Every structure is written in structure tokens, then in C-alpha cells.
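Peer 1: One structure follows; several queries about it will come next.
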Amino acid sequence: MNIIPVLLADDHPVVRRGLKATIEDDEQLRVIAEAADGNDALRLMEELAPAVAILDIDMPGLNGLGVAREVAQRSLKTRIIFMTFHADEDLMRAAMDVGGKGYLLKGSETEEVCAAIHAVNAGRTYIGSTMAAVLLNQKSENAGSPLNLKILTLTEKKVLRLIADGLSSKEIGDELGIHYRTVENHRTNMCRKLEIEGANALARFALQHRAALHERLY
């Protein structure tokens, strides 16, 4: 049985203790290190190369987003799950944009924490069910831009669905077998067609209509 090594980074020792107990209920998971701040977390990732790291966003020193940026810049192999109290769409998008592969809200069920680790370790993106419900229940801020998939090409529809699933342009390119710059061109074209501005606006639009995208594409 392959053991998945996990790093925990949170400035509250009680939170780390509870998370460790939760994670190690799964025989395939083992917490190999803990950190109380972002700088320590980054150092441990370089020294121990855990498969998955669970990071709090609000940590002293280097915060969770800063750690993720450094992980990407240093080409470290550790995959990152953010765990936070913030049920905030813009923060979630920022977390995924800097390299996060998972986003969980604190207080998530034991099974979901372990499921997120397994999914991210396998190369998938994982958004916690509570956060997903928050996103799906939010009303569109773009009332003047109704979801009109008929004006999009089939490839654009697939790209938009994968954006809603939290994939980066490179990941979308790998999934669809196209260059990531082609994905960026599709993003630009969709923004023009849907009359919305900026990549973040497109991501918000995709998330707000995620259920409809899945229903209408398949």
C-alpha cells in the first residue's frame, strides 16, 4: 500500500492536531510534518517533498498564497490544498490561480478532507462541497450577459466548463490536446462574445453557471 505523505501548515496548534487525527484515520495517509507559518512550510516542502500540503491562507510571515507562488517558482512537486474560513469566490479564484489544486472550508467533514487529498494527489482539482454550494447559490452579477451557449463554439464550451472546474489554461490545454496559448485565445474570444471583461470575470461567470454548463454540454 502506497502511503501519501502530507504536510500541515496552520498557525493554530489545535487546528493542526485535529487535522492530523482526521487525516491519519485513513491508513493511506500520513502527516510527515507540521508548520506554524508559511516560511517554515516552504522550507519543509523543499526538505521533505510531501506529496500534498494543506495550507491555511492566513498565516504569519509568508501567507498561504505566497507559499503557493514560491512552490510554483521553485518547481516543487508538492500539490497544495487550501483550507480556510473564507467562503469567498474571489479568494478561491486567487488561490487556484497561484497553483492551488484544492479549496476546503474549515470544518469540512473527515471524509471530504481525505477525499480531497486523494483527488489532488491523483492530479485532480477538488473544491469542497460547502464552497461549491456557495458558488452555485450565488446569483449572477452579470444580469446583462445571459448564458447563451449557442454563440460559443463547441471547443469554447468545453474550455468554459473546464474553467468552471477550476483548471488552469495549461491544464485545459493538456485535457483538450491544444496549446495553452490557444486556450488563452479562446478565453479572449469568449469574453468578447459574452460581453464581459477580464479572465477573472470569465472565471466568475463560468462558476456561477457551472451546473448549466455541465447539463448543456453532455
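The values are calculated or read from the model by the stated rules, or taken from the named source; none is laboratory data. Quick caveat, the model's predicted, so the values are computed rather than measured. Glycine also receives a Cβ, built like all others from the backbone with ideal geometry; neighbour counts cover every protein chain displayed.
Matching residues to (1) modelled with pLDDT of 90 or more; (2) among the hydrophobic types (A, V, I, L, M, F, W, C); (3) more than 30 Å from Gly18 (Cα to Cα); (4) in contact with a Gly (Cβ under 9 Å, 6 or more places away or on another chain):
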{"position": "Thr155", "(1), (2), (3), (4)": "yes, no, yes, no"}
{"position": "His179", "(1), (2), (3), (4)": "yes, no, yes, yes"}
{"position": "Asn185", "(1), (2), (3), (4)": "yes, no, yes, no"}
{"position": "Ala201", "(1), (2), (3), (4)": "no, yes, yes, no"}
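Peer 1: With the requirement that a residue be touching a Lys or Arg at 6+ places or on another chain (Cβ under 9 Å), closer than 19 Å to Leu105 by Cα and buried (at least 21 other Cβ atoms within 10 Å of the Cβ), what does the range 36-76 give you?
Peer 2: Within the range 36-76, Val52, Ala53, Asp56 qualify.
Peer 1: From the list Ala72, Ala68, Ala95, which residue is modelled with pLDDT under 95, under 13 Å from the mean Cα position of the chain (by Cα) and over 18 Å from Gly128 (Cα atoms)? I'd like the intermediate steps shown before the answer.
Peer 2: Values: Ala72 fails: under 13 Å from the mean Cα position of the chain (by Cα); Ala95 fails: over 18 Å from Gly128 (Cα atoms).
After applying the criteria, what remains is Ala68.
Peer 1: If a residue counts only when it is within 17 Å of Asp90 (Cα to Cα) and touching a residue at least 24 places away in the same chain (Cβ under 8 Å), which helices (runs of 4 or more DSSP H) contained entirely in the range 147-202 have at least 1 such residues?
Peer 2: Values: elements: 154-164, 169-176, 180-194.
Of the helices (runs of 4 or more DSSP H) lying wholly inside the range 147-202, those with at least 1 residues that are within 17 Å of Asp90 (Cα to Cα) and touching a residue at least 24 places away in the same chain (Cβ under 8 Å) span 154-164.
Peer 1: In the range 120-133, what residues are in a helix (DSSP H, G or I) and either surrounded by fewer than 19 Cβ atoms within 10 Å (Cβ to Cβ) or not hydrophobic (A, V, I, L, M, F, W, C) (or both)? Talk me through it step by step, then tell me what you get.
Peer 2: Narrowing the range 120-133 to residues in a helix (DSSP H, G or I): 120-121, 129-133.
Once the filter is applied, which keeps residues that are in a helix (DSSP H, G or I) and either surrounded by fewer than 19 Cβ atoms within 10 Å (Cβ to Cβ) or not hydrophobic (A, V, I, L, M, F, W, C) (or both), the range 120-133 yields Asn121, Ser129, Thr130, Ala132, Ala133.
Peer 1: Please determine whether any residue of the range 134-145 is at pLDDT 85 or above and surrounded by fewer than 14 Cβ atoms within 10 Å (Cβ to Cβ). Give the steps one after another, and end with the answer.
Peer 2: Of the range 134-145, the ones at pLDDT 85 or above are none.
Looking through the range 134-145, none of the residues is at pLDDT 85 or above and surrounded by fewer than 14 Cβ atoms within 10 Å (Cβ to Cβ).
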